[in-house]
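Enquirer: Please see the structure below; I have some questions.
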Amino acid sequence: MDIFLTPFAAIGAATLAILASIGRVVMYAAQTFMHIFRPPFYPRELAAQLLHIGYFSLPVVGLTAIFTGAALALQIYAGGARFNAEAVVPQIVAVGMVRELGPVLVGLMIAARVTSSIAAEIATMKVTEQLDALVTLSTHPMKYLTVPRVLAALIVVPMLVAVGDTIGIMGGYLVATGRLGFNEAAYLQNTYNFLEIMDVVSSLVKGAAFGVIAAMMGCYYGMQSERGAQGVGKATKTSVVAASVLILAANYILTEAFFSA
Amino acid sequence: MIEISNLHKSFGDNHVLAGIDLSMAKGESMVIIGGSGTGKSVLLKSVLGLITPDSGTILVNGKDATAGDRDAFLAQFGMLFQGGALFDSLSVWQNVAFRLMRGEQKLHKDKAREIAIEKLRRVGLKANVADRFPAELSGGMQKRVGLARAIAAEPDIIFFDEPTTGLDPIMSGVINELIREIVVEMGATAMTITHDMSSVRAIADKVAMIHDGIVQWTGPIDQLETSGNPYLDQFLNGRAEGPIEAVR
Ligand SMILES: Nc1ncnc2c1ncn2[C@@H]1O[C@H](COP(=O)(O)OP(=O)(O)OP(=O)(O)O)[C@@H](O)[C@H]1O
Ligand SMILES: [Mg+2]
């Protein structure tokens, strides 16, 4: 009898565990947002995080975007040639970058660069009792650590996405005009005419959502860290995986919300 | 001042605290001794609310420690963590002045730095370490920065978790004297964990010995040698034979 029930019990237990951890993350997020509006505030911490998450991510965002835009232009040209539609390169590059690739790539880069460093830093603070020390010094770790990071990501990741979109389009432009014989002025004109306000808005909203997810996952798993160096390693790994998966899932949901007719 | 009764705490099937009863009066210096892993640090953290006990009550100034305004409650305390727990993203003086620049006092940066440097001097550190980062200091120096941070805001109640571990004998003497001074001059209440018997004699008004999750003996320092308690005697004499199993 047990032999038949064991697999089901295991599945049931796993399902419960997943639901419980989703519940904890949601609770954590709700608490963070409540703390955003309640003093004390830590403007210095926020400024430091704006710099760390935003400014220092510019190189990696720029590099990712330019190569992706360039490759996209080549692919669309080659693909379009199969049914004599090579001319759509500027339009498709623009839509592809702004609606999808810009926000997703920036989101994943932030997950790699920012989520991991937040998780490792906070997890180390946890295992070396620095979080306990914060509490005994009457400072709430969520207000002092989580809120500035999440707020900074909310503000600055949409800006990074805007930069990424623009540089991606420029990458496509460079390849299209340099290698594929497109006219410079016409390319830009086509891009500009084709993009709609909603494309740009969706891009920025996605950026904000992905930024919040990335920072929140880093803080959450950092604070959940188990003891020792292994605990820190595990927290870091889990946070990056969780942030990446959630960003891709959120991307699908937001795309449905914005563009499903 | 602090009234702990029937405190229990387990981690899984590891029953660390199994009914601790302990009380200390205002302005008293209590020293807690006991073998490694007997739950001394867990006890201090439970009083501060960093660890939630399974059962039992903790009263501080007659009020339940777990209820009421946490900020006001914690503002009375200073804590030296066993591992130092310095914030490694902040410089030494910013660590020491952490509470001074935040919370109720909100001192200006220059004033807070001045006080921090004065506290560093009291724990035997020169002003030139103020702008270094914790990772650049030796273990014993980090411990003393932690000590300076614990006493910086002149709290009413101070917990020291092994203040002299990792210090040379001369510096241990300095720190013992400092803790004694803080209790006598500032009228603070202190609870100190130590394995160092010279510290016990220098610091303690009262001693509590913890083993097997309960307080095996507690009494004034001058009765330490004459207690007749088998646990305490074994501990004080460092014998392998006795009620405390040496091989665990
Ligand atoms: N957060 C925790 N999770 C699980 N177990 C813990 C935790 N904190 C402490 N313990 C366990 O509780 C027991 C007591 O730990 P504690 O740190 O209080 O010992 P101690 O008396 O301070 O020892 P030492 O003198 O070596 O510092 C140990 O067995 C330890 O493994
Ligand atoms: Mg300890």
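The values are calculated or read from the model by the stated rules, or taken from the named source; none is laboratory data. Values in this document were obtained by computation on a predicted structure and should not be read as measured data. All Cβ positions, even for glycine, are placed from backbone atoms using ideal geometry, and neighbour counts span all protein chains on display. Ligands, DNA and RNA are stripped out before the accessible areas are found, and what is left, the full protein with its side chains, is counted by its heavy atoms. Shrake-Rupley method; radii C 1.70, N 1.55, O 1.52, S 1.80 Å.
Enquirer: For chain A, with all protein chains present and a 1.4 Å probe, just round the carbon and sulfur fraction of the accessible area to a whole percent.
Expert: Answer for chain A: carbon and sulfur cover 72 percent of the accessible area.
Enquirer: Where the centre of each part is set by its Cα atoms, how far does segment A:29-53 sit from segment A:212-232, in angstrom?
Expert: Comparing the Cα centres of segment A:29-53 and segment A:212-232, I get a distance of 17 Å.
Enquirer: If you scale each eigenvalue of the Cα gyration tensor by 5 and take the root, what three semi-axes come out for segment B:88-154, rounded to whole angstrom and sorted largest first? Intermediate values should be presented prior to the final figure.
Expert: On the way: eigenvalues 66, 26, 22 Å².
The equivalent ellipsoid of segment B:88-154 has semi-axes of 18, 11, 10 Å.
Enquirer: Follow-up. Which of A:I169, A:I118, A:I76 moves most in a GNM of chain A, Cα contacts under 10 Å?
Expert: A:I76
Enquirer: Which whole-angstrom value gives the distance between the alpha carbon centres of segment B:191-248 and segment A:97-136?
Expert: The distance from the Cα centre of segment B:191-248 to that of segment A:97-136 comes to 46 Å.
Enquirer: Interface size between chain B and chain A, please: total buried accessible area, 1.4 Å probe, rounded to the nearest 100 Å².
Expert: Looking at B and A, the buried total is near 1500 Å².
Enquirer: How big is the accessible area of B:D196 in square angstrom, nearest 10, if you roll a 1.4 angstrom probe over the protein chains?
Expert: Accessible area of B:D196: about 50 Å².
Enquirer: Something else about it: Compute the accessible area per residue over segment B:62-117, keeping the other protein chains in place, probe 1.4 Å, unit Å².
Expert: 49
Enquirer: What residue among B:I115, B:I58, B:I157 shows peak mean-square fluctuation when chain B is described by a Gaussian network model with Cα springs under 10 Å?
Expert: Between B:I115, B:I58, B:I157, it is B:I115 that shows the largest mean-square fluctuation.
Enquirer: Residues of segment B:81-111 losing 40 Å² or more of accessible surface, assembly versus chain alone, probe 1.4 Å, please list them.
Expert: In segment B:81-111, residues shielded by partner chains: B:F81, B:A85, B:F87, B:F98, B:R99, B:R102.
Enquirer: How much accessible surface does B:M191 have with a 1.4 Å probe, in Å² rounded to 10?
Expert: Using a 1.4 Å probe on the heavy atoms, I get roughly 0 Å².
Enquirer: Mind jotting down the distance between the C-alpha centroids of segment B:123-175 and segment B:13-62, whole Å?
Expert: 23
Enquirer: Longer than 20 Å from Cα to Cα, which of B:K40/B:K63; A:K126/B:K119; B:K119/B:K143; A:K143/B:K63; B:K26/B:K63 are they? Say none if no pair is.
Expert: Listed pairs above 20 Å: B:K40/B:K63; A:K126/B:K119; A:K143/B:K63.
Enquirer: Next question. Taking A:K237 as the anchor, which aspartates and glutamates have their alpha carbon closer than 16 Å to its alpha carbon, excluding any fewer than eight residues away along the same chain?
Expert: By straight Cα distance, A:K237 reaches A:E121, A:E226.
Enquirer: Let me ask something else about it. Highest GNM mean-square fluctuation, chain B, Cα pairs closer than 10 Å: which of B:V92, B:V145, B:V174?
Expert: Maximum fluctuation in the GNM of chain B, among the listed residues, is at B:V174.
Enquirer: When the helices in chain A are scored as -39500 (n - 2.57) per DSSP H run of 4 or longer and the sum is shared across all residues, what 222 nm value do you end up with, to the nearest 500 deg cm²/dmol?
Expert: So the calculated ellipticity at 222 nm is -26500 deg cm²/dmol.
Enquirer: Sticking with this structure for a sec: Rounded if a/c is under 1.5, else prolate if a/b beats b/c, else oblate: with a ≥ b ≥ c from the C-alpha gyration tensor eigenvalues square-rooted, which is chain B?
Expert: Details: a/c = 1.84, a/b = 1.43, b/c = 1.28.
It comes out prolate by the Cα gyration axes.
Enquirer: A follow-up question, please. For chain A, what are the DSSP H helices with axial Cα length of 30 Å or more and mean Kyte-Doolittle hydropathy of at least 1.0?
Expert: Flagged H segments are A:2-36, A:58-81, A:147-178, A:197-223.
Enquirer: Another question, if that's okay. Quick one: give the max-minus-min coordinate of the C-alpha atoms of segment A:1-42 along each principal axis, largest first, in Å.
Expert: Principal-axis extents of the Cα atoms in segment A:1-42, largest first: 58, 11, 8 Å.
Enquirer: Angle check, please: helix B:109-122 long axis (alpha carbons) against the longest principal axis of chain B (alpha carbons), in degrees 0 to 90, nearest 10.
Expert: Result, in degrees: 50.
Enquirer: With only alpha-carbon atoms in the gyration tensor, what are the semi-axes of the equivalent ellipsoid for segment A:150-201, in Å, largest first?
Expert: 28, 13, 5
Enquirer: Something else now. If we count every other residue with Cβ under 15 angstrom of B:P53's Cβ, Lys/Arg +1 and Asp/Glu -1, where does the sum land? Provide the component values of the computation, followed by the final result.
Expert: Details: positive: B:K9, B:K40, B:K45; negative: B:E3, B:D21, B:D54, B:D64.
Neighbour charge sum, excluding B:P53 itself: -1.
Enquirer: Using a 1.4 angstrom probe on heavy atoms only, work out the carbon and sulfur share of the accessible area of segment B:88-154 in %.
Expert: 48
Enquirer: I need the semi-axes of the equivalent ellipsoid of segment A:41-259: take the C-alpha gyration tensor, multiply each eigenvalue by 5, square-root it, list largest first in whole angstrom.
Expert: Numbers: eigenvalues 309, 49, 38 Å².
For segment A:41-259, the semi-axes come out at 39, 16, 14 Å.
Enquirer: How do B:S138, B:S199, B:S36 stack up against each other in accessible area, from largest to smallest, with a 1.4 angstrom probe?
Expert: In descending accessible area the options line up as B:S36, B:S138, B:S199.
Enquirer: Still on this structure, I have one more. What is the P(r) of the protein assembly as shown, as percent of Cα-Cα pairs per 10 Å bin from 0?
Expert: Reading the bins upward from 0: 4, 16, 22, 20, 15, 11, 7, 4, 2, 0, 0.
Enquirer: Add -39500 (n - 2.57) for each DSSP H run of 4 or more in chain B, then divide by its residues: what number comes out at 222 nm, to the nearest 500 deg cm²/dmol?
Expert: -10000 deg cm²/dmol
Enquirer: Also, quick follow-up: Only protein chains counted, 1.4 angstrom probe. Which residues of segment A:131-146 are at least 10 Å² less accessible in the assembly than when their chain is isolated?
Expert: A:D132, A:A133, A:L134, A:V135, A:T136, A:L137, A:S138, A:T139, A:Y144
Enquirer: Taking segment A:20-168 as the region of interest, what is the percent of Cα-Cα pairs per 10 angstrom bin, listed from the shortest bin to the one with the maximum distance?
Expert: 11, 30, 27, 17, 10, 4, 1
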